[in-house]
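Participant: This is the structure, below, for whatever I ask next.
The values are calculated or read from the model by the stated rules, or taken from the named source; none is laboratory data. These numbers were taken from a predicted model, which means no experiment stands behind them. Reconstructed Cβ throughout: ideal geometry from the backbone, glycine too, with neighbour counts over all protein chains shown.
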Amino acid sequence: MSVAIVDYSSGNLHSAAKAFERAAHEAGLDQPIAVTQDPAAVARADRVVLPGVGAFADCRRGLDAVPGMVEALEEAVRRRGRPFFGICVGMQLMAERGLEYEVKQGLGWIAGDVDRIAPKDPMLKIPHMGWNTLNVVRPHPLLEGVTLGPDGRHAYFVHSYQLKPGNRADLIAEADYGGAVTAIVGRDNMVGTQFHPEKSQKLGLALIANFLKWKP
Amino acid sequence: MILFPAIDLKDGLAVRLQQGDMARATIFNDDPAAQAKIFATQGFDYLHLVDLDGAFAGKPMNAAAVECILAAVKMPVQLGGGIRDRATIEAWLGKGIRRVIIGTAAVRDPALVKDAARAFPGHVAVGLDARDGKVAVEGWAETSTLSALDIARRFEDAGVAAIIYTDVARDGMLKGLNLDATIALADAVSIPVIASGGAGAVEHFAEVFQEGRADAALAASIFHFGLESIGELKQQLQAAGIPMRWPL
């Protein structure tokens, strides 16, 4: 078993890699975690993680700049059905389009666009940065054993945009920031979190451990 | 990214120290609530308060000034200094402080922080003030034998909302933040890191976000002395590719 964290020069992958290593170790799972720029390694990986920070279009361009990487993701995730975990903009890239600064195509794995969050309370600033509880819309294996809801564990968000799923069935969990914002999306063997599991302490480690055990 | 402007309270006044030395205090506003309003009007997102007398005394000493500030501004406020027991934590959160910062007690009584973080998720932060890598306590009058990394690791997974890391030697000197220590801390724990101490220019903020992997930064002098306006600072950081909080 191998887990590939895709490195396409979109920010610091160190904390993500560390969180996956730690979750694997604590759950007693023997899954080597590899941060890789090699499309071949991604294509044959047993699990794929796509992080991402910054603007949607920049991340998409970063992904396109690694020859063969988009094809490798399609191969591993879509054709071979390997479990996929998108984080922050890595999750947003699952959408059809991003509307940040310019309209840019996503991977098109989840129907919907990535659009700016618009809190109803004018006191709430953009980006949304901070700790929020999660409200479950649809149960999912990644959430197993995690206390959620208003008295549940907190997740760490840093974002100005959100993926708005075209199909309500793809929405797993929301957070409240002057209205509901998308926190987790998922379809088939693919899941993505808007928040940073690697910064979300217990909630994050539990989600990562569940992902490493997930057999969709 | 969030930039926190800091107000240090001494004898009910807003002051600035250099390297934590109470003898080197500059009074920059005798009405701290008015100063807080100025920061709110300028477009800051979140205010950082320190009860300096409280840090030395081990209990709140500038409560009246803090309450005036809470009454004056709507933006969230975090407060450190003299918060060493559960009753004080609950009292401040009850009065509207968004986040309490535990420093000395995080070294001496880690269970207090862990219990409080569990009871008030998102509302308890740890303040680590380091002198030559070792954590200073009691209003920086004493230095412990523990490193900032040792203390930070204690609170991994405890539900602490943030670690505010201040380099004592750099504080108030405007020569730049401690990048190496910020990187080491951000790598050691998953808790978001707020870097503090020494910011004096736009580049100092940019490098601590980009290279130092900080999640937020905190500064006082640069904002008090009007060296940089927050609007220009945010625009310049945004232009450097660092997402900032808007609107002003």
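Participant: Name the strands (runs of 3 or more DSSP E) wholly inside the range B:91-150 in which the number of residues that are over 18 Å from the mean Cα position of the chain (by Cα) is 1 or more.
Facilitator: Values: elements: B:99-102, B:124-131, B:134-137, B:142-147.
Filter on the range B:91-150 gives B:142-147.
Participant: So, in the range A:1-40, exactly how many residues are among the acidic types (Asp, Glu), closer than 22 Å to A:Pro67 by Cβ and either within 14 Å of another protein chain (Cβ to nearest Cβ) or touching a Ser or Thr at 6+ places or on another chain (Cβ under 8 Å) (or both)?
Facilitator: Filtering the range A:1-40 down to residues among the acidic types (Asp, Glu) leaves A:7, A:21, A:26, A:30, A:38.
From the residues that got through so far, the ones that are closer than 22 Å to A:Pro67 by Cβ too are A:7, A:38.
Going one step further and asking which of them are either within 14 Å of another protein chain (Cβ to nearest Cβ) or touching a Ser or Thr at 6+ places or on another chain (Cβ under 8 Å) (or both), we end up with A:7.
Residues meeting the conditions: 1.
Rundown of residues vs (1) away from chain A (no Cβ under 13 Å); (2) of a type outside the set (A, V, I, L, M, F, W, C), yes/no style:
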residue: B:Thr182; (1), (2): no, yes
residue: B:Asp187; (1), (2): no, yes
residue: B:Ser190; (1), (2): no, yes
residue: B:Ala195; (1), (2): yes, no
residue: B:Gly200; (1), (2): yes, yes
residue: B:Glu207; (1), (2): yes, yes
residue: B:Ser221; (1), (2): yes, yes
residue: B:Gly226; (1), (2): yes, yes
residue: B:Ile242; (1), (2): no, no
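Participant: Okay, moving on. Being assigned to a helix (DSSP H, G or I) and away from chain A (no Cβ under 14 Å) is the filter; apply it to the range B:228-240 and report the residue that is surrounded by the fewest Cβ atoms within 10 Å (Cβ to Cβ). Break it down into steps so the answer makes sense when it comes.
Facilitator: Within the range B:228-240, the subset assigned to a helix (DSSP H, G or I) is B:230-239.
Going one step further and asking which of them are away from chain A (no Cβ under 14 Å), we end up with B:232-233, B:235-236.
Values: B:Glu232: 10, B:Leu233: 22, B:Gln235: 15, B:Gln236: 16.
Among those that are assigned to a helix (DSSP H, G or I) and away from chain A (no Cβ under 14 Å), it is B:Glu232.
Participant: Right, another one. Of the conditions (1) under 24 Å from B:Gly43 (Cα atoms); (2) in contact (Cβ under 8 Å) with a residue 60 or more places away in the chain; (3) within 19 Å of the chain's Cα centre (by Cα); (4) surrounded by fewer than 24 Cβ atoms within 10 Å (Cβ to Cβ), B:Ile194 fails just one. Which one is it?
Facilitator: Exception for B:Ile194: condition (4).
Participant: If you go through the range B:191-228, how many residues are of a type in the set (S, T, N, Q) and modelled with pLDDT under 90? Give the derivation first.
Facilitator: To start, the set of residues in the range B:191-228 that are of a type in the set (S, T, N, Q) comprises B:196, B:210, B:221.
Still in the running and modelled with pLDDT under 90: B:210, B:221.
Number satisfying all stated conditions: 2.
Participant: Related question: Under 7 Å by Cβ, and 6 or more places apart or on different chains, what pairs join a residue from the range B:64-76 that is touching a residue at least 24 places away in the same chain (Cβ under 8 Å) with one that is part of a helix (DSSP H, G or I) and charged (D, E, K, R)?
Facilitator: That search, which allows pairs on different chains as well, returns B:Glu67/B:Lys95; B:Leu70/B:Lys95; B:Ala72/B:Lys37; B:Val73/B:Lys37.
Participant: Something else about it: Restricting the search to the range A:1-14, which residues are surrounded by 19 or more Cβ atoms within 10 Å (Cβ to Cβ) and not in a loop (DSSP other than H, G, I, E, B)?
Facilitator: From the range A:1-14, those surrounded by 19 or more Cβ atoms within 10 Å (Cβ to Cβ) are A:3-8, A:10-11, A:13; that's our starting set.
A:Val3, A:Ala4, A:Ile5, A:Val6, listed by residue number.
Participant: Something else: Can you tell me which residue among A:Ile126, A:Ile208, A:Ile117 is touching a Pro at 6+ places or on another chain (Cβ under 6 Å) and β-branched (Val, Ile, Thr)? So that I can check it myself, show each step before the final result.
Facilitator: Numbers: A:Ile126 fails: touching a Pro at 6+ places or on another chain (Cβ under 6 Å); A:Ile117 fails: touching a Pro at 6+ places or on another chain (Cβ under 6 Å).
Every option except A:Ile208 fails the conditions.
Participant: For the structure I just gave you, tell me whether B:Gly54 is away from chain A (no Cβ under 14 Å), among the small types (Gly, Ala, Ser) and crowded, with 18+ Cβ neighbours inside 10 Å. Please lay out each step first, then the result.
Facilitator: Values: away from chain A (no Cβ under 14 Å): yes; among the small types (Gly, Ala, Ser): yes; crowded, with 18+ Cβ neighbours inside 10 Å: yes.
Yes: the conditions hold for B:Gly54.
Participant: Separate question: With the condition kept exactly as written, say whether any residue in the range B:20-31 is surrounded by fewer than 20 Cβ atoms within 10 Å (Cβ to Cβ), within 30 Å of B:Glu211 (Cα to Cα) and of a type in the set (Asp, Glu). Quick ask: steps written out before the conclusion?
Facilitator: Of the range B:20-31, the ones surrounded by fewer than 20 Cβ atoms within 10 Å (Cβ to Cβ) are B:21-31.
After this cut, where a residue has to be within 30 Å of B:Glu211 (Cα to Cα) as well, the list is B:21.
With the extra rule that they be of a type in the set (Asp, Glu), the set shrinks to B:21.
Yes, the conditions are met somewhere in the range B:20-31.
Participant: Something else: Looking for whichever is part of a strand (DSSP E or B), out of contact with any Lys or Arg (no Cβ under 9 Å at 6 or more places or on another chain), small (Gly, Ala, Ser) and away from chain B (no Cβ under 14 Å) here; the options are A:Gly90, A:Gly86, A:Gly81. Which one fits?
Facilitator: Answer to the check: A:Gly86.
Participant: Provide a single number: the residues in the range B:1-59 that are of a type in the set (Asp, Glu), closer than 23 Å to B:Leu128 by Cβ and touching a residue at least 40 places away in the same chain (Cβ under 8 Å). Steps first, please.
Facilitator: Initial filter on the range B:1-59 (of a type in the set (Asp, Glu)): B:8, B:11, B:21, B:30-31, B:45, B:51, B:53.
Applying the additional criterion that residues be closer than 23 Å to B:Leu128 by Cβ yields B:8, B:21, B:45, B:51, B:53.
Filter once more, so that each one left must be touching a residue at least 40 places away in the same chain (Cβ under 8 Å): B:8, B:45, B:51, B:53.
Total meeting the criteria: 4.
Participant: Of the residues that make up the range B:70-80, is at least one closer than 26 Å to A:Lys202 by Cβ, out of contact with any Ser or Thr (no Cβ under 6 Å at 6 or more places or on another chain) and away from chain A (no Cβ under 14 Å)? Walk me through how you get there before you give the answer.
Facilitator: So the first thing to find is which residues in the range B:70-80 are closer than 26 Å to A:Lys202 by Cβ, and the list is B:76, B:78-80.
Now restrict to residues that are out of contact with any Ser or Thr (no Cβ under 6 Å at 6 or more places or on another chain): B:76, B:78-80.
Imposing the further condition that a residue be away from chain A (no Cβ under 14 Å) reduces the set to B:79-80.
Within the range B:70-80 (the criterion being closer than 26 Å to A:Lys202 by Cβ, out of contact with any Ser or Thr (no Cβ under 6 Å at 6 or more places or on another chain) and away from chain A (no Cβ under 14 Å)), the answer is yes, since at least one residue qualifies.
Participant: Somewhere in the range B:34-41, is a residue exposed (fewer than 14 other Cβ atoms within 10 Å of the Cβ), among the polar types (S, T, N, Q) and farther than 18 Å from B:Leu79 by Cβ?
Facilitator: yes
Participant: Among the residues of the range A:110-132, write down those that are under 12 Å from A:Leu163 (Cα atoms) and away from every other protein chain (no Cβ under 14 Å).
Facilitator: Filtering the range A:110-132 down to residues under 12 Å from A:Leu163 (Cα atoms) leaves A:110-117.
Answer for the range A:110-132, where residues must be under 12 Å from A:Leu163 (Cα atoms) and away from every other protein chain (no Cβ under 14 Å): A:Ile110, A:Ala111, A:Gly112, A:Asp113, A:Val114, A:Asp115.
Participant: Additional query: How many residues does the range A:135-155 hold that are closer than 16 Å to A:Val185 by Cα and within 14 Å of chain B (Cβ to nearest Cβ)? Reasoning before the result, please.
Facilitator: The first filter runs over the range A:135-155 and keeps only residues closer than 16 Å to A:Val185 by Cα, leaving A:135-144, A:148, A:155.
When the remaining residues are screened for being within 14 Å of chain B (Cβ to nearest Cβ), the result is A:148, A:155.
The number of residues fulfilling the criteria is 2.
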